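Reading through the structure tokens given below for one structure.
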Amino acid sequence: MKKYVLILAVMLAYNGVFAQRQLTQFLFPEFTEGSVLQKSGTVTKTQLNYNTLTQEMVFKQGEQLLALDKIQEIDTVYLNGKKFVPGDNLFYEVATQTPVALLLQHTSDIIPSGNETGFGKSQTTAVTNITDLKRGGRAYSLSLPDEYSFKNKTACFLKKEGKYILITNIKDIKKVFADKESVIEDYTKKNKVNFKKPETVAALIEFCNSN
């Protein structure tokens, strides 16, 4: 953590005409103390939160928000009782401590307000370009204007032999655990697995690793 990338001074109020919502783009409702473990063994404690919009682990330094730099040199980030590990320009939450591990990717899409039409206001389906928000500084501020709405998403990945495999259904899990298809079938008959509830997916992955 010797070098950081300066993102932006914290904006307690956006200098615009829009009403604001607080911390919408962050995974947690507030910045809390966490620990950053480097592969070198160095541990640094600081106020952290995860920006689901930019896929960056962000920390406070005085009145500034900064993103962790050189994430390939980071081993693990510990925050709010959870573990995060770096991937390709993002951090995954570690959902299971298993040989084939379940990792969660937390993201969010920004949907701009719709335009007035002859039939009232319609919401555009296009997602706002994050580059435009970065240029205006609003992707990093502690609040974003009400002109935007957010759609938070969590994607499930399995890490096996160094590869990240996206899973969206039971069939995908059976492909990864090809020799356990029958036991997976038995498990899902007795236990409901909902990919919108990652804890149910984690229970299945722990079962697959232990049976």
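FYI, it's all coordinate maths here, none of it is from the lab. In this text the structure is predicted, and so the values were computed from the model without any measurement. Glycine also receives a Cβ, built like all others from the backbone with ideal geometry; neighbour counts cover every protein chain displayed.
Across segment 68-75, in residue order, what do the Karplus-derived ³J(HN,Hα) couplings come to in whole Hz, using 6.51 cos²θ - 1.76 cosθ + 1.60 with θ = phi - 60° and x for Gly and Pro?
So the J values, rounded to whole Hz, are 4, 9, 6, 5, 5, 8, 8, 8.
Restrict the search to segment 31-109; then list the GluC sites (Glu not before Pro) that DSSP places in a loop and that have at most 16 other Cβ atoms within 10 Å of their Cβ.
Glu63
Out of residues 5 or more away from Thr96 or on other chains, whose amide H comes under 5 Å of its own, with H placed 1.01 Å from N in the peptide plane?
Leu102
Name the residues whose placed amide hydrogens come within less than 5 Å of the amide hydrogen of Phe28, ignoring near sequence neighbours (fewer than 5 apart) on the same chain.
Here Tyr50 satisfy the definition.
Along segment 94-109, what does the Karplus equation 6.51 cos²θ - 1.76 cosθ + 1.60 (θ = phi - 60°) give for ³J(HN,Hα), rounded to whole Hz, x for Gly and Pro?
Each residue of segment 94-109 in turn: 8, 8, 9, 9, 9, x, 9, 8, 8, 10, 10, 9, 9, 9, 8, 9 Hz.
Need one number: nm distance between label points at Lys82 and Asp186, each 7 Å from Cα along Cα→Cβ, rounded to one decimal.
It works out to 3.3 nm between the two label points.
Please list, in order along segment 175-189, the HN-Hα scalar couplings obtained from phi with the Karplus expression 6.51 cos²θ - 1.76 cosθ + 1.60 (θ = phi - 60°), rounded to whole Hz, x for Gly and Pro.
Listing the rounded values in order: 5, 6, 9, 4, 8, 10, 4, 5, 6, 5, 4, 5, 4, 6, 6 Hz.
Express in nm, to one decimal, how much length is gained between Glu63 and Glu199 on full extension, taking 0.36 nm for each residue of separation and deducting their alpha carbon distance.
45.4 nm
Please list, ordered by chain and number, the residues whose modelled amide H lies under 5 Å from the amide H of Asp75; skip anything fewer than 5 residues away on the same chain.
Leu37, Gln38, Lys39
What are the radius of gyration and Dmax of segment 45-85, computed over its Cα atoms and given in Å?
10.1, 27
Using alpha carbons only, how many angstrom separate the centre of segment 49-94 from the centre of segment 143-211?
22 Å
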